[in-house]
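Just so it is clear, none of the values below were taken in a lab; they were calculated from the coordinates. This one's a predicted model, so the numbers in the text were calculated from it and none came from an experiment. Positions of Cβ are generated from backbone atoms using ideal geometry, with glycine treated the same way; all protein chains shown enter the neighbour counts.
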Amino acid sequence: TTIAGVPGNAGECDGEASIAKFRYPGGIVCGSQGEIYVADTFNHKIRMIHPSLASTPSSSSSSKPSVAMVVTTIAGHTRRRNNDGPGTMANFSYPFGITIMKKSEGGGDSTLLVTQGTFLPAKHSAPAIRMIKKKNKRTTPITTSPFRGSSSSSSSS
């Protein structure tokens with residue numbers, strides 16, 4: 001079963017889940033209120049799939065609202081960068097992992113943690129762990145890698 005996206009048709013499109021498009025959704029995590037967060041790797045975005053009430057047109061006098069799944073971008077922009085900021089003002093460089101930190105008191109979701117850039121060649125990536133506060137959707141760094149690439153090869157004489 002496809003939850004969101006168009007199988008075999010990569011791209012970048014928010015909206016109803018049945019028409020939304022992704023480019024390599026690399027990681028997903030479920031929130032406490034039924035929402036799903038996706039690290040949309042090649043679009044350099046963090047997206048959310050969530051229920052939305054929609055009024056269903058009906059010929060009868062009682063029009064019942066229906067629930068439709070909707071995809072929205074909560075952070076990032078299609079340009080690959082490593083800038084912090086609120087919502088779509090922030091930029092990511094190949095985000096691929098995502099998890100949720102729970103509040104210590106009262107449960108509920110508080111913060112998203114996103115890993116980016118470490119599975120690609122060093123010249124294309126900006127390895128980091130970034131944090132998105134769910135309340136204001138502001139992205140900030142937790143840490144960035146002090147190195148670019150691997151220096152594990154050694155020469156022996």
Bounding extents of the range 1-50 in its principal axis frame from Cα atoms, largest first in Å, are 29, 21, 18
Packing-based ranking, highest mean first, of 9-16, 70-77, 22-29, 38-45 given that Cβ atoms within 10 Å are counted:
38-45, 70-77, 22-29, 9-16
Cα→Cβ-extended label distance, 7 Å offset, between T111 and R79, nm:
2.8 nm
